[in-house]
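The structure appears below as structure tokens.
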Amino acid sequence: MKKRLLIGVVMTECNIDFQEEILRGIISQAFKSNTDIAVITTMHNFYHDSAHKNTDKYICDMVLSDRFGGFIYDRNTFHDENIKKYIDDLLTMSGKPVMLLDSPEHKNFETTAIDDCSAFEKLTDHLIEVHGCRKIYCLTGPKKIFVSGERLSGYKNSMKRHGLFCDKSFYFYGDFWKDSPKRFAAGIIDGSIERPDAVVCGNDIMAAELTNALIAGGIRVPEDIAVTGYDASDEASRNEPSITTYRRPNFQLGAEAFRRLYRIITGKICSKIPNEYGTLCLGGSCGCTENDHMRRGNSRRNRIDSRLESYLFYGDMLFDITNTGSLSVFADKLDNYTYLIYKRSKQKICLTKKYIESAQGIYNDKLSFHCGDEMKVILSKSTVHREYDDTLKYFNSSEILPDYDSNRNYPIAYYISPLHYNDNFFGYSAVSFGKTPMAFSRLYLQWINYVNIALEQVRIKGIMSNTILSGNMSMLYDDVTGLLNRGGAEQELARRRNLFSGSETQFITIELTGLNKIYYSSGEKRCSSITRAFADILKKCVSDGEICGMWNNNTMCVISCEKKRAGEIFEYIQTEVEESQFTENNFNIDFSVGLFSVSLTDEINTGEAMYKSTTNKIYSYNVAEKIENPQYEKLCSLRRSIRKNPAFPWKISEIADSLYLSKSYLQKIYKTFFNKSIIEEMIEFRIEKAKSLLLETQITVTEISRICGYSSYNYFVRQFRAIVGCTPQEYRLQEADKY
């Protein structure tokens, strides 16, 4: 059977609304033309330089596969010139025809664009003809981007046709993001920019941000200034007031790009699918009555995504898939969480031979990737059933997926996304939505991140296990606590078995059951700190004749010949834990002590004995009995949000209102639980982010201060100096000298 034509789509941030519309057009037209699609997409964009994100780009090496007949390339979605050049060079090297989206003429590639000029002209016409606006400003996108110029031209055409004054002071170049509208609003509020009747914005994100900033500054929208957006995205419908916008015909753009590329490759004209034309979508931001332009279409998907998001963030997926010791167990555990991918039809996890050998302790170099490397599918899941194939061998990555070479009477589309951790490349995840032409949601990005973390854990455990078996004693100790690890404890018991064989042996386990909660509220660093604190206590209360170790991530063990040791250890730890809550290094969390007593024989397996100990809990310490406050979980969630978004302008009054608490009570219980106030934590998280950016990027200190939420550069420097002991520039230079 002749292989189907396979078209590659190179794009990032596929989960964003208007890019999904483009992909819907491409995939719908491809299915109509009996053509397969492979969307090669990075999971991050390249706003900041880091080893982790840079590894993302190696998925683009897939374009060198001979299976592709040509490519559709959305160059505008990549925000770093180095990445653009990297992909440009790869596509040129492939020798296949390339169709650019929304770009000016290119020396090597064909281009397809839609008429943003006329659409933007209609938005400006609406403000003039319906609302009588005369002094209208335009906030378009970045100056060098093609679509920014097209939208600006439409604004100028409308102003000129209606005989309205419009010079360079009436239009401004923005960023298609939230920073430029904030600055623009500040200029209008402080009077440095003369107040207009209306502002037409280059997209909905800028329009929503401008509207909110004006309202916050005391300027009414639309009564004082009318605002419009562009793209008809979720940001427009969710905003209050909703944004008047224009549904750009992105679906038509994707379909037209495919048709033109198909004709270049095959010399044939394919049958057209019905177009979805652009329309004006009315909202409250210009003074019109909202026409509910998008709420109905996305409401069900948003509700489902919201529910799945809660399952992902508050469920056990991360702990389940990281608590595995082999790829087969990992695949079995991950199989239970594929339901979190909305509308998924097929899901595959493909790993490189280098990664698999690394997880077996065979391959020790950095894990790179090149098109042509050998791969294996370790998990293949259809809509409902797990697809097992014991005969499946390694395949060449230039095939992309075995599915593309299978005998089918229908076309398929897969999203191919990289799996990696720091600068080690593991393989790729492939997800298909069957006959539904759609893209993945933002939830999929976090799902992939969890998979990456778990794969790194599997790899590290494999390396450690192999090293221990090879007799490397340096790998017998836990990195976090300094205690013997599982392998070390087993070896030590084997060495001292004669000493324990004369009496009943006590296998005692101390399980830190509260670590899961701490991980969600405070992160991995805090968990490591608490684990070390428990280890220090345990070292103090064990004798020289006892074996003490770290059995797994959250369980410590003591092997002893002395009776009643479990009770003594529990009482000692409990006393130390309770006293810690009155110090800065509070590690007051839930823990339990288990016990299994047995006379050692050759038949007794240490692992089995430890398992029986963990299931036989004889003592438990529960923080909830000490802290009976129903707000604890809410505050953990709040703290996690502040840590993830320290630059957000958090306001105590707004937080208190959202939690239905008074300001004073909120601040009191927050400090009780975390030993710091909300403001102190926010500042600490901002400085942590600033330090990370100073070390990992070349961004200017001024830009870092803005990214970290400081409106004043001088205030940022003063606060940084007060906490770190030096200025940001001095910190960057000092740390650079260390390397």
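The values are calculated or read from the model by the stated rules, or taken from the named source; none is laboratory data. What you see is a predicted model; the values in this text were computed from it and never measured. Cβ atoms come from the backbone with ideal geometry, glycine included; neighbour counts cover every protein chain shown. Please note that ligands, DNA and RNA were not included when accessible areas were found on the heavy atoms of the full protein model with its side chains. Shrake-Rupley method; radii C 1.70, N 1.55, O 1.52, S 1.80 Å.
Leaving out ligands, DNA and RNA but keeping every protein chain, what accessible area does residue 214 have, in Å² rounded to the nearest 10, with a 1.4 Å probe? Taking all protein chains as shown, residue 214 has close to 0 Å². Is the chain best put as rounded, prolate or oblate by its Cα gyration tensor, with a ≥ b ≥ c the root eigenvalues, rounded for a/c under 1.5, and otherwise prolate when a/b is larger than b/c, oblate when not? Here the chain falls in the oblate category.
The share of accessible area on segment 692-739 that comes from carbon and sulfur is 50 percent, using a 1.4 angstrom probe. Considering only the Cα atoms of segment 350-391, their convex hull presents on average a projected area of 4.0 nm². Counting only protein heavy atoms and a 1.4 Å probe, segment 646-739 has 59 square angstrom of accessible area per residue. In the P(r) worked out for segment 52-162, what percent of Cα pairs fall beyond 24 Å? The share of Cα pairs beyond 24 Å in segment 52-162 comes to 43 percent. Here the label points at residue 260 and residue 492, each 7 Å from Cα along the C-beta direction, are separated by 6.9 nm in the simple model. For segment 1-137, the share of accessible area belonging to carbon and sulfur comes to 47 percent (1.4 Å probe, ligands and nucleic acids excluded).
Annotated for segment 335-442: lysine pairs at least 8 residues apart or interchain, Cα distance under 27 Å, count 27. Can you list the aspartates and glutamates whose alpha carbon is less than 12 Å from that of residue 156, not counting same-chain residues fewer than 8 positions off? Straight-line reach from residue 156, under 12 Å: 121, 125, 167. Farthest toward the positive end of the dipole of the chain, out of 249, 395, 464, is the Cα of 249, where the dipole comes from beta carbon charges about the Cα centre. Within the same chain, aspartates and glutamates fewer than 8 places from residue 563 are excluded, and of the rest, those with a Cα less than 14 Å from its Cα are 504, 546. By the combined test of axial Cα extent (at least 30 Å) and Kyte-Doolittle hydropathy (mean at least 0.5), the qualifying DSSP H helices of the chain come to 443-469.
Solvent-accessible surface of segment 44-148, averaged per residue with a 1.4 angstrom probe and all protein chains in place: 42 square angstrom.
Where only protein heavy atoms count, and the probe is 1.4 Å, what is the accessible area per residue for segment 230-344 in Å²?
Ligands and nucleic acids excluded, the result is 47 Å² per residue.
Counted residue by residue at 0.36 nm each, then reduced by the alpha carbon distance between them, the extension gain from residue 177 to residue 395 reaches 74.3 nm.
Rounded to the nearest 10 square angstrom, residue 32 shows an accessible area of 120 square angstrom against a 1.4 Å probe.
Only protein heavy atoms count here; under a 1.4 Å probe, residue 708 has an accessible surface of about 0 Å². Loop-located trypsin sites (Lys or Arg not before Pro) in segment 523-577 (DSSP state not H, G, I, E or B) with no more than 10 neighbouring Cβ atoms inside 10 Å: 564. Largest accessible area first, the residues 269, 618, 114 order themselves as 269, 618, 114 under a 1.4 Å probe with ligands, DNA and RNA left out.
Remark: accessible surface ordering of 385, 106, 79 (largest first) is 385, 79, 106, probe radius 1.4 Å.
Compared with the direct C-alpha span, the chain from residue 332 to residue 82 gains 86.1 nm at full extension, assuming 0.36 nm per residue. With helices as the sole contributors, the chain gives -14000 deg cm²/dmol at 222 nm; each DSSP H run of n ≥ 4 counts as -39500 (n - 2.57), and the sum is divided by every residue.
Apolar share of the accessible surface for segment 244-383: 47 percent from carbon plus sulfur atoms, 1.4 Å probe.
With every protein chain in place and a 1.4 angstrom probe, the accessible-area ranking of 551, 650, 447, 177, largest first, reads 177, 650, 551, 447.
Note: relative contact order over segment 404-466, using C-alpha pairs below 8 Å and six or more positions apart, is 26 percent.
By the rule of a C-alpha distance below 27 Å, with chain neighbours fewer than 8 residues away ignored, the lysines paired with residue 663 are 517, 626, 634, 644, 651, 671, 676, 689.
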